[in-house]
Amino acid sequence: MKMLMFAHDGSSNRGCEAIVRSTTTMIKDRIDGAEIYLASGKPETDKVITKLDKVYDGSLSPLKKYSFHWYVSSIKVKLFNDESYALGKVHQNIIKHINNMDIYLSIGGDNYCYGEQPGWYEIDRRVKAHGKKLVLWGCSIGEEDLSEQKLLDLKQFDLILARESITYNVLRKQGLSKVRLTADPAFTMEKNELALPDGWVVGKTIGINFSPLVLNKNPKSLDAMRELIRHILKNSDLTIALTPHVIIDGNNDYEILSLLFEEFKDSQRVLLLPDNLTATQYKGYIARMRFFIGARTHATIAAYSSLVPTMVLGYSVKSKGIAKDLFEEERLVFGIDELSDDTKLINGFEEMMAEEKDIQRCLKKSVPLMKKLAYGAVDHLNDVIR
């Protein structure tokens, strides 16, 4: 059984790496003879995932101006308002494998949260036109993300696996009957514990992850983070480990965390983790933290799944849904508009400190269930294969 994972732009986003890595492991654990292939926008970044059978170049192939395909595309768009020819050529590095695969897994967890995706729609249409199985793997989609065109695309899927209950309920409400509730595959990912860096205090280190994505959505959030760090240094004995999780040009956690490190390094209680670790190595550090505060979803999943009390700097439905499934409420999740309010963030930190034991008790109960739900995705996939 040959499966191609697509809608993946490379493992410089360690959350994307975590999805590919854990999905590959789960499927190979449960489905005998499964061959897992990956079409990646940046295949050179995925060499760290050794269980894949092969990584293909899935990058875009833009039409060259005045080329034959450019002229054909222009005519189709102008006369028939039809972009399918152009989209097929742009995404040919993914489409060309259809005949050789049995199942296409669309794995970009929150790809459907960011407006229309005509390229993915065209890939999906062609997969189904060839009679192959099509699965949306571990998705998050808010009600505000849906459109008529997106719903038409979703109806093409043989199986939609929602990674949290908010998405599941939104899609079921829209009449999509092939939706199943699972959990993010990264809940099952292993960890790799490297040596602790200088300055790390065992049992007294809190991780902080902050991202340019949050800063772009709320420009005042960085000032609030500075105030939160000052509060932690002044009112606790914790050491702060600044923890990057996405290292992409123009969207690089390490760059913004480096600024914070320079501002606070003289305290001798702030350290900066390197920017070249794998998802499992970052999880190895996060798992040994006492608390975690994070903007990147899969950094927070690394913490949750390691039973580390976590405060989430949320910006989409996935953060709310995951917390709701863990705690039966959106516990310690702050929306994008709240992230410029340093008082709210400080109060959240104090709440996390005060309720540490209760949060750990909840996680000890819910995380095994989340792992079981995550593996349940493979069982649902098996049902589609049969």
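A compact table of results
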read-out: Of all residues making up region 126-151, the number that are touching a residue at least 12 places away in the same chain (Cβ under 8 Å) and over 21 Å from Leu381 (Cβ atoms); value: 8
read-out: Gly175 being farther than 23 Å from Thr23 by Cα and not acidic (Asp, Glu); value: yes
read-out: Verdict on Ile94 being under 22 Å from Ser12 (Cβ atoms), within 29 Å of the chain's Cα centre (by Cα) and surrounded by 14 or more Cβ atoms within 10 Å (Cβ to Cβ); value: yes
read-out: Neighbours by Cβ (under 8 Å, 6+ apart or cross-chain): first from region 51-72, assigned by TED's automatic domain parsing to the domain that holds Leu87 and under 16 Å from Leu38 (Cβ atoms); second aliphatic (A, V, I, L, M) and part of a loop (DSSP other than H, G, I, E, B); value: Val55/Ile49
read-out: Single match in Tyr282, Tyr304, Tyr254 (criterion: hydroxyl-bearing (Ser, Thr, Tyr), touching a Pro at 6+ places or on another chain (Cβ under 6 Å), buried (at least 17 other Cβ atoms within 10 Å of the Cβ) and at pLDDT 95 or above); value: Tyr254
read-out: Test: residue in region 150-163 that is touching a strand residue (DSSP E or B) at 6+ places or on another chain (Cβ under 6 Å) and either farther than 17 Å from Tyr104 by Cβ or at pLDDT below 95 (or both); value: yes
read-out: Criterion violated by Phe80 - all others in (1) of a type outside the set (Lys, Arg); (2) under 23 Å from the mean Cα position of the chain (by Cα); (3) more than 27 Å from Leu171 (Cα to Cα) satisfied; value: (2)
read-out: Scope region 27-82; condition of a type in the set (Lys, Arg) and either under 25 Å from Lys191 (Cα atoms) or at pLDDT 95 or above (or both); matching residues; value: Lys28, Arg30, Lys42, Lys47, Lys51, Lys54
read-out: Residue count, region 89-132 (criterion: touching a strand residue (DSSP E or B) at 6+ places or on another chain (Cβ under 7 Å), outside any helix (DSSP H, G or I) and farther than 26 Å from Ile166 by Cβ); value: 5
read-out: Residue that is nearest to Val201 (Cα to Cα), among those in region 236-252 that are over 17 Å from the mean Cα position of the chain (by Cα) and assigned to a strand (DSSP E or B); value: Thr239
read-out: Helices (runs of 4 or more DSSP H) lying entirely in region 138-232 (those with 1 or more residues that are assigned by TED's automatic domain parsing to the domain that holds Met26 and within 18 Å of Tyr112 (Cβ to Cβ)); value: 148-154, 165-173
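Listed here are the residues, each with its yes/no results for (1) under 19 Å from Glu338 (Cα atoms); (2) of a type in the set (Val, Ile, Thr).
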site	(1), (2)
Ser221	yes, no
Met225	yes, no
Leu228	yes, no
Thr239	no, yes
Leu242	no, no
His245	no, no
Ile248	no, yes
Leu259	no, no
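The values are calculated or read from the model by the stated rules, or taken from the named source; none is laboratory data. What you are looking at is a predicted structure, and each value in this text was computed from that prediction instead of being measured. As a convention, Cβ positions derive from the backbone with ideal geometry for all residues, glycine included, and neighbour counts pool all protein chains shown.
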